[in-house]
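Some notes on the structure that comes next.
Bear in mind that the values in this text are calculations on the coordinates, not laboratory data. It should be emphasised that the depicted structure is a prediction, and the values quoted were computed from it without experimental measurement. Neighbour counts run over all protein chains shown; Cβ positions are idealised from the backbone, glycine included.
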């Protein structure tokens, strides 16, 4: 039995069942294309006709190496930002009090106030720069993963504490994507230098 294959109203070709399976595996025919043969009451998708699992190529073969590299590099950078933000908060808590104590023991309160204010300003400027970089990496990772509108992930980053949840969710999605693509994922993500 020969099946007529149609995509967006245009005829793609006519295949018997074995040739159709081979065409799907080669990417010439998509599982979402429609198929019809004489005797069928209606058009059916190729995926339904052949049975989805038996015809859909593995995810790793469909995904481009460029997309895998984009996910891996942005995933690693996002995880490093998470690590540095946690270390920054710990440093602010521990060093802030210690520096204040040292500066107040000096005795020159005007100099202490200026140096302390400068230190805090520079530290917060560094954390703000890290946060902006982090948001850019979240946007790029969400875009590479095709995880919905990427700007919504960035909006979620603006909500205190919820931003850590956003990062953990995206990190899990990226890790699963990379593992499904055959990439080894470590604590901070995949090493982009080891990718194809």
Completion exercise
region 2-57: antiparallel bridges as % of DSSP beta bridges, rounded to 5, reads 100
Completion exercise
In Å³ per residue, the alpha-carbon convex hull of region 2-57 encloses 69
Fill in the blank from the handout: Each label sits 7 Å from Cα toward the beta-carbon; between residue 28 and residue 118 the label points are separated, in nm, by 7.2
Completion exercise
Place a point 7 Å from the Cα of residue 92 in the direction of its beta carbon; the residues of region 158-189 whose amide N falls under 15 Å from it are 158-164
Handout entry: For the chain, calculated [θ]222 nm from helices alone, where every DSSP H run of n ≥ 4 adds -39500 (n - 2.57)
Key = -22000 deg cm²/dmol
Problem - Kirkwood hydrodynamic radius of the chain, Cα pairs, Å - result: 20.9
Completion exercise
Rounded to the nearest 0.05, FRET efficiency between residue 133 and residue 66 (Cβ-Cβ, R0 22 Å) equals 0.50
Exercise for the section: Compute the length gained on full extension between residue 152 and residue 16: take 0.36 nm times their separation in residues and subtract their Cα-Cα distance, giving the result in nm to one decimal. Expected result: 44.4 nm
Fill in the blank from the handout: So, with points 7 Å from each Cα along the Cβ direction, the residue 168-residue 6 label distance in nm works out to 5.0
